Every structure is written in C-alpha cells, then in structure tokens.
Amino acid sequence: MASKQFQNILHHITNLNYAQLKKLRHEVESNIATNQVGQAIADHEESISHCPHCDSHNLNRWGMTKQGIQRFKCKSCNKTFNALADSPLYRMKKAEKWIEYTKLMWEGVSLRKSAKALDITLRTSFRWRHMFIKAPASFNPSVLTGVIEADETSLPESFKGKRAINRKSRKRGGGKIEKVPIFIALDRSGAISHKVLERNTKENIQAQLKPLLSSGSVLCTDGNLSYKGIAKELDIDHKRLIGLDNQRVVEGIYHIQTLNNYMMRWKAWLRRFNGIGTDYIENYLSWFRFMEDNTEYSDQTWIKEAL
Ligand SMILES: [Zn+2]
C-alpha cells in the first residue's frame, strides 16, 4: 500500500468511536497472526523445487488457489499442484488461529482449555493438536553416533481418549495396572529415538536399537542383560553402568545421565496432562522432543515444521 493511503487510514482512526476501535484492534490482531502464517507459507512457496508427482525440477508458476496459495505446473508431466500439496495444513481452516494454538501447545494447555481460549470446537482442537504433532512425530533419527545412551522407562497403561467400546486391556488378572514400556536412545549430538514397546523383551529392544547403532559408537546402558547380547553381536563397545548409583560415570564420559535427565524432564512435563492415553505416548514423546530441539518458542516454529 502507498504511504499516502496508509497515512489516510491512520488519520481516520482518530474519528473512530470506542466500539469501532475495539473492532479495528481485533481485525489488526487477527491480520498480524494471519501474516505470520502467510509469511511461513510464502517462504515455503519459494522453497518448492520439484514436482511431487514425477520429481522433475522443471516447474512453472501457475496462478494461485482460491486461498491465495501458489500453484505450479510441471513441464515434465504436465500435472499441476499447489505449494501446500504435501502439507497437512492444506485442509486446515481458520489460519488466523494457528499461531495462537501452537503457542498454547507450547505451554502445554489442555485440549479443552485451548478450544475455549480460541473459540474452536473440542474436535478441532484435537485435530489441530495431532496435525501439529504429525511433522515432529515423523522424524526419528535413522542412526545414532558416538556415545549412545539407551534405556527403557514406562508409563501406566491408560485408555484416556479412547472410546470405552474399544478397550482391550493389557491387564493379565489381579487387577494390576500394566506398565507400558518405552525405549529411548540418544547420542550426545542431541539425536533422540524413542518407541513404545509392545513388551519389554530383548527382541523388542533389539529391533529398535540395532538399526540405530553405527560402527565405532559406544553403547552405554544399565545392567539390563538385553543390551549385552546386542552389543556383542554387532561388535560394539559396550559400557554397562551397573549398580544402584545412577550417577555413575566410567572413564569420565560414559554414563546414561543425559538419558535419565531427559526422561525426568519429559515425565515432569507430562504431569500437566493428568495422565495420557497409551495410544498417544509416542505423540507426547515427539511433541516434547520437538520443543527441546527448538529450545524456545517462536510464532513460526511449528507452522514451518508443518509445511
Ligand atoms: Zn511432474
């Protein structure tokens, strides 16, 4: 907009009554939020370099969608697509509320409170949460290097968020609540892999850990015998931190404290949710890892990840 027109708008503001000012403020605020999303989308549009259908780099810009999203036409296969074709954001509405929503997620606000705060339905709140977790959840490192720490933890089984009719308990009599085992491995570069296990068995741990280990790496674990065989089989240097002293360090650098501290932080963060459904544990692991990776919240962090 030309500077003169803008000055004109500013001039008119002095003539507005209180109700109009409030309305204007609301409009301006929601537009600022939309612009943040718009900016992230614009950056993403710039980064489009190949056709999702045939992978060709031979593209033409091809107008806009109704929502103002850049369309492209592939010169190789002649198909068209828009910049959000591969993004879960494409079908999401109310873009002006996304950033506020990701902020609430960052603060760990419940689905219900988030829905209320943003005047969206609980169903939408649920869908958005899962939409924004999708990208972080799809990232699990394929390999870990250097000093690798591996361990298991567990959470009590919970059917929260699941319809009663679908309940199929792991309970095996006695009314005891089953523990759901979770495998976590990380290296000192910050790469973290996690997986909810069906059962805490050597086979299940092995299936997760084996592809992660690289030659020349050093595996640090507690005394769990499951790891001994895996390290031996792969001829990986293995430091077993045995004993009650959790703080034990071998040769100055070999320990599983990075992992223990990480799990403690994760579980402390989980408390705000008052128990999480077993089906969603992986999501909460990915969500937390994503926040730790990014350290600080910024308005575009989550939007960019979802694009
Ligand atoms: Zn193509």
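Data overview
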read-out: Relative contact order (%) - criterion: Cα under 8 Å, at least six apart; region: the chain; value: 19
read-out: Ellipticity estimate at 222 nm from DSSP helix runs (n ≥ 4, -39,500 (n - 2.57)) divided over the chain, nearest 500; value: -13000 deg cm²/dmol
read-out: Candidates per chymotrypsin sites (Phe, Trp or Tyr not before Pro) in region 51-151, loop by DSSP, up to 15 other Cβ within 10 Å; value: Phe139
read-out: Contour minus Cα-Cα distance for Lys267 and Lys232 (0.36 nm per residue); value: 9.4 nm
read-out: Debye, to nearest 20: dipole size of region 1-146, +1 on Lys, Arg Cβ, -1 on Asp, Glu Cβ; value: 580
read-out: Within the chain, percent of DSSP bridges classed antiparallel, to nearest 5; value: 75
read-out: Nitroxide proxy distance, nm - points 7 Å out along Cα→Cβ at Ala117 and Ala207; value: 3.8
read-out: Of the DSSP H helices in the chain, those whose Cα atoms cover at least 15 Å axially and whose Kyte score averages -0.5 or more; value: 122-138
read-out: Restraint check, Lys4/Lys116; Lys66/Lys134; Lys103/Lys160; Lys79/Lys304; Lys103/Lys195; Lys113/Lys304, Cα-Cα greater than 30 Å; value: Lys4/Lys116
read-out: Highest-fluctuation residue, Thr258, Thr14, Thr153 considered, GNM on the chain with Cα pairs under 10 Å; value: Thr14
read-out: By average C-beta atoms within 10 angstrom, highest first, the peptides 199-208, 291-300; value: 199-208, 291-300
read-out: Förster-model FRET efficiency, 41 Å R0, Gln7 and Arg127, C-beta, rounded to 0.05; value: 0.45
read-out: Residue among Leu144, Cys74, Ala191 farthest towards the positive dipole end of region 59-205, charges placed on Cβ; value: Cys74
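Coordinate-derived values only; no laboratory data. If you're wondering where the values come from, they're calculated on a predicted model, not measured in any experiment. Glycine also receives a Cβ, built like all others from the backbone with ideal geometry; neighbour counts cover every protein chain displayed.
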